[in-house]
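Colleague: I have a structure here, written as structure tokens, and I will follow up with some questions on it.
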Amino acid sequence: MIRRDTRRPRAKLPSTAADPKQRAARGEVYLVGAGPGDPDLLTLRALALMKRAEVALYDNLISPEILELLPAGVERIYVGKRRADHAMRQEVINALLVEYALAGKRVLRLKGGDPFIFGRGGEEIDTLSAHGIRFEVVPGITAALGAAAYAGIPLTHRDHAQSCVFVTGNLKDGSVDLDWEALARPRQTIVVYMGLLSLPVICRELVAHGLPRDTGAAVVQHGTTSTQRVVTGTLGTLAARVARAKLHAPTLIIVGNVVRLREQLARFTPASSTRRTT
Ligand SMILES: C[S@@+](CC[C@H](N)C(=O)[O-])C[C@H]1O[C@@H](n2cnc3c(N)ncnc32)[C@H](O)[C@@H]1O
């Protein structure tokens, strides 16, 4: 794995007013969702573009098994972002995409899950359009869909949940800034991305805003990978169980009575499965 120190862009973003000849010489950028981890969940289009790429910029959610599918000659650049460990600022990533495309390269921007679900894909394509660079966006299976399916939790169900919302649980100034009233509706599943640290607050606020303490809830760590772990409980018990299990990111929190269906669906998990449950 090549990890360049790319905290500073090698070039400033060039002027957006380009002449037509220069535009023709440009490369292109593929903004590809790589799914939640299991390489079997890549789309055919994702794989085809991985094979065409000359340079790949990838983040920390891209599993080693997926990186192995890149052809040997592809230049690999880690641009991973973790909480408190931002390997590279978003503006620097944007600048690198432009820089490589202007050098005529076919650039793969490989992102975990789907590029447009909490993935800042919108900012990257804004920059590319501003510089007249051709790009293609390939949707990926977002973590909520992959992790829930592999954990045996249907996100909607005729008898239990008619809606499903995805939110981010990132702490802002030490508090979780969510619309608790809208979230604490009955017959709704809530999936929280980036919420592990805020789990106790999330459970407490949902109960304070009207959800019963015995509402089903789960945390899925490393969903769809061979190290997947699932801890289940209720809004009243989950935070303590997760603390005991010492889960770590990336994780998703799933809240709703669909979580209870897991026991029923788990019976159909293939015997060869490596999926773990705590
Ligand atoms: C910056 S967001 C990117 C989401 C991504 N674009 C997607 O569509 O899944 C990163 C968060 O997604 C969630 N996540 C991504 N992959 C995951 C996985 N395999 N298992 C559990 N959660 C995952 C975690 O909450 C993680 O902190």
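Colleague: For a quick check: sort 124, 91, 75 by the number of other beta carbons within 10 angstrom, fewest at the front.
Modeller: 91, 75, 124
Colleague: Sticking with this one: Got a sec to turn the phi values of the range 234-251 into Karplus ³J(HN,Hα) couplings, 6.51 cos²θ - 1.76 cosθ + 1.60 with θ = phi - 60°, whole Hz, x for Gly and Pro?
Modeller: 10, 4, x, 10, 4, 4, 5, 5, 5, 4, 5, 7, 6, 6, 9, 5, x, 9
Colleague: Long-range amide H contacts for residue 108: which residues qualify at under 5 Å (H placed 1.01 Å from N, peptide plane, sequence gap of 5 or more or a different chain)?
Modeller: Those qualifying (amide H under 5 Å, at least 5 residues apart or on another chain) are 30, 54, 55, 56, 57.
Colleague: Take the Cα radius of gyration of the range 140-186 and divide it by 2.2 N^0.38 Å, with N its residue count; two decimals is plenty.
Modeller: 1.38
Colleague: May I ask for the distance between the Cα centers of the range 122-167 and the range 192-215, given as a whole number of Å?
Modeller: The range 122-167 and the range 192-215 have Cα centres separated by 22 Å.
Colleague: Order by neighbour count: 78, 150, fewest other Cβ atoms within 10 Å first, most last.
Modeller: Ordered from fewest to most neighbouring Cβ atoms within 10 Å, 78, 150 come out as 78, 150.
Colleague: On to the next question. Test of understanding: ordering 50, 194 by Cβ neighbours within 10 Å, fewest first, what list do you get?
Modeller: With the fewest neighbours first, 50, 194 line up as 194, 50.
Colleague: If you don't mind, there's one more thing I want to ask. Largest first and in whole Å, give the semi-axes of the range 124-259's equivalent ellipsoid, each being the square root of 5 times a Cα gyration tensor eigenvalue.
Modeller: Sorted largest first and rounded, they come to 27, 17, 16 Å.
Colleague: What does the convex hull of the Cα atoms come to per residue for the range 95-161, in Å³?
Modeller: It is 100 Å³ per residue.
Values in this text are rule-based calculations from the coordinates and carry no lab data. Just so it is clear, the model here is predicted, and its values are computed rather than measured. No Cβ is skipped: glycine too gets one built from the backbone with ideal geometry, and neighbour counts run over all protein chains shown.
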